Amino acid sequence: AHAAIYPRNLIVAEQGAQATVIEHYAGVDGVEYFTNAVTQIFTADNASIEHYKLQQEATQAFHVAGIHAMQNRDSHIASHSISLGAALARNDITTAFNAPGCGATLNGLYLANGRQHVDHHTRIDHHQPNGNSREYYRGVLDGAARAVFNGKVIVHPGAQKTDAHQANHNLLLSREAEIDTKPELEIYADDVKCTHGATVGQLDDEQLFYLRSRGVEETMARSLLVHAFAHDVIERIRIASLRTRLEQILFSRLPQGERIRELT
């Protein structure tokens, strides 16, 4: 209790190297503590890093962390940030394309309830041409939970042929839940293809009616729709054991989750 923890992870991928890294934070409920973590990733030419972060801290804990990457020619980084715990959680995720042909995929899922607060702040700097970036973040908020998504993509002068896409979708399950979403594009080159967007909404009444009209009770129908919404990010995880674990966590948080597990 009342501990302060400052881990630093350094990942260096030499030319042509490939690695998969899982970073998992977990804590026992009822304990208040602070985690301040930094992960740095450096990729040489043609290197590939797949990084998974599962934040499952105690509900009284505080978690502030950064994941920062620097990329060389034709390298690729995939970042998967899953935020489930902590009273306050913040993740800053950045990468810089310092040579042509770089690629980055940033996926994220956050589930918050009660009075939890979770932030994701991302930044992708396209410094060089022929870069490709994709961001897919989804959040499910219940109770009086609050979340912030701030995603920035900067296409610097000379970064021609950049292809960037960013999307943030949020599902609010109560009147007290709140999301502040701010997707941003700054473009200083003229031959690019960039899109971004964000949505905030509740469960679709027509979809609920469709399920209810086929004999599915309301609680079950709502849980099925929430599961489908979150599963869009979970299915992007390529490690089967981690994907199964996240499915189990999601089922445990949904009313009648065990019945949904049997159906799926």
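The values are calculated or read from the model by the stated rules, or taken from the named source; none is laboratory data. Here the structure is a predicted model, which is why all the values come from computation and not from measurement. Using ideal geometry, Cβ is built from the backbone for each residue, glycine included, and neighbour counts are taken over all protein chains shown. The area values use the complete protein model at the heavy-atom level, side chains included, leaving out ligands, DNA and RNA. Shrake-Rupley method; radii C 1.70, N 1.55, O 1.52, S 1.80 Å.
Here are the numbers for the structure shown:
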item: Listed residues Cys102, Cys194 arranged by accessible area, highest first, probe 1.4 Å; result: Cys194, Cys102
item: 3J(HN,Hα) from dihedral phi, segment 69-77, Karplus parametrisation 6.51/-1.76/1.60, rounded to Hz, x for glycine, proline; result: 10, 10, 10, 9, 3, 6, 8, 9, 10
item: Mean residue ellipticity (222 nm) of the chain, computed from DSSP H runs ≥ 4 via -39,500 (n - 2.57), nearest 500; result: -5500 deg cm²/dmol
item: Amide H contacts under 5 Å for Ile187, placed H, 5+ residues apart; result: Val155
item: Relative contact order (%) - the chain, alpha-carbon pairs under 8 angstrom, separation at least six; result: 11
item: Accessible area of Thr195 in the full protein assembly, 1.4 Å probe (Å², nearest 10); result: 70
item: Nonlocal amide H pairs with Gln166, under 5 Å, H built at 1.01 Å; result: Glu135, Thr195, His196, Gly197
item: Distance in nm between pseudo-label sites at Glu14 and Ala228 (7 Å out along the Cβ direction from Cα); result: 5.0
item: Segment 1-122 - percent relative contact order, Cα under 8 Å, separation 6 or more; result: 23
item: Approximate spin-label separation Ala26-Glu258, in nm, with each point projected 7 Å along Cα-to-Cβ; result: 2.1
item: Rg(Cα) / (2.2 N^0.38 Å) computed for the chain, rounded to two decimals; result: 1.05
item: Which of Arg138, Arg243, Arg73, Arg238 is most accessible, then next, and so on - probe 1.4 Å; result: Arg238, Arg73, Arg243, Arg138
item: For segment 1-123, the Rg and Dmax computed from alpha carbons only, in angstrom; result: 15.2, 49
item: Quarter of the Cα convex hull surface for segment 1-49, i.e. its orientation-mean projected area (nm²); result: 3.7
item: Surface accessible to a 1.4 Å probe, Phe229 within the full protein complex, Å²; result: 40
item: Rough spin-label spacing in nm, given labels placed 7 Å along Cα→Cβ, for Lys193 and Phe34; result: 4.6
item: Highest-MSF residue in the chain out of Ile41, Ile154, Ile249 [GNM, Cα springs under 10 Å]; result: Ile249
item: Segment Ala167-Ala240, extension gain: residue separation times 0.36 nm, minus the distance between their alpha carbons; result: 23.8 nm
item: Hz values of 3J(HN,Hα) by residue in segment 128-134 - Karplus curve (6.51, -1.76, 1.60), Gly and Pro given as x; result: 10, x, 6, x, 9, 9, 9
item: Accessible area per residue, Å², the chain with all protein chains present, probe 1.4 Å; result: 47
item: Average silhouette area of segment 95-233, convex hull of alpha-carbon atoms, in square nanometres; result: 8.9
item: Listed residues His120, His156 arranged by accessible area, highest first, probe 1.4 Å; result: His156, His120
